[in-house]
Structures are given as C-alpha cells and as structure tokens.
1. Let me test this: with uniform point scatterers at the alpha carbons of the chain, what is the Debye-based log₁₀ I(q)/I(0) at q = 0.09 1/Å?
2. Among DSSP beta bridges lying fully in the chain, give the percent that are antiparallel, nearest 5.
3. So what is the relative contact order of the chain, in percent, for Cα pairs below 8 Å that sit 6 or more residues apart?
4. Mind sorting 9, 108, 33 by how few other Cβ atoms lie within 10 Å of their own Cβ, fewest first?
5. Compute the length gained on full extension between residue 89 and residue 76: take 0.36 nm times their separation in residues and subtract their Cα-Cα distance, giving the result in nm to one decimal.
6. Residue 10 versus residue 56, label points 7 Å from Cα toward the beta carbon: distance in nm?
7. Between residue 106 and residue 28, with labels modelled 7 Å along Cα→Cβ, what's the label distance in nm to one decimal, could you check?
8. Quick check for you: which residues of segment 82-98 have the amide N under 16 Å from the point 7 Å beyond the Cα of residue 17 toward its beta carbon?
Amino acid sequence: MRYGEVLASRLTSQRAQDIVKGTGKGMILAKISVKYIRPVTYPDTLLIGTRPVLPLQGSDRFTLQANIVSLKQQALVATADQLCVSYDYPALTKCDLPRDLKDEIEKSGAGAGAGAAP
C-alpha cells in the first residue's frame, strides 16, 4: 500500500486519487507470494523495502519485490513477490498501464537497490 501512496505522490493529484482511492485507472493486487525465512515475535518492528522488477511484464502488469527485515533480529525475515495489474475501476476490467504511471514505476525501479522503496 505504501508503495502505491509514494508512487501516487509523484503523479498529478487526479491520478494520485485514482490510485489511493481505487477510482479511475489505477492498480490492483492480483497475486502475492510470501517466503517466510525466520519467525518474528512481538514486540518487534519490521522494515519493508519494495521495488518494481524491471523490465515490466507487458502493457498491463508488473511485479513488486519486497524484503522484510526485523529490527530486533537485524535480519531478513521474509521476502514477497506481488503481481499488480492495471485496473479500470469504473469499467471493472484490466487495462493498459497509463503512460504516466508506467513511467514512474520504471523510474522508481531504475534507481532502486534491492529492497529499496521508490
């Protein structure tokens, strides 16, 4: 969710509202896969770094990779792959990624190291 909010902040206010509120054209989570590496117990704080996988996987989808690190353990505790699909909420169907959104996703991935947020 935070990746989408940060990404939205780099776009026009209308596109940002479309992404954050799920109106107009935005993105939707189609699939997520989490690999648990180490157990986490309360209390702890987790840091989550997310980046898009480049090149993007076609005109309507992209994958986000996340690394989840425990502050208490000072270790990687999980990784995740999230398949996101561009979605036209009023039409209730997938659509091509809007050009401005695609450009920002590619920019955030080009400058990101492993696990970095946009």
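1. Normalising to I(0) and taking log10 leaves -0.26.
2. Taking every DSSP beta bridge within the chain, about 100 percent pair in antiparallel fashion.
3. 31 percent
4. In order of increasing Cβ crowding within 10 Å: 33, 9, 108.
5. So the extension gain works out to 1.1 nm.
6. 1.2 nm
7. 2.6 nm
8. So the set is 89-90.
Readers should treat all values here as calculations from the given coordinates under stated rules, not as data from a laboratory. As the structure is a computational prediction, the values presented were derived from the model and not from experiment. Quick reminder, even Gly has a Cβ in these numbers, built from the backbone with ideal geometry, and neighbours come from all protein chains shown.
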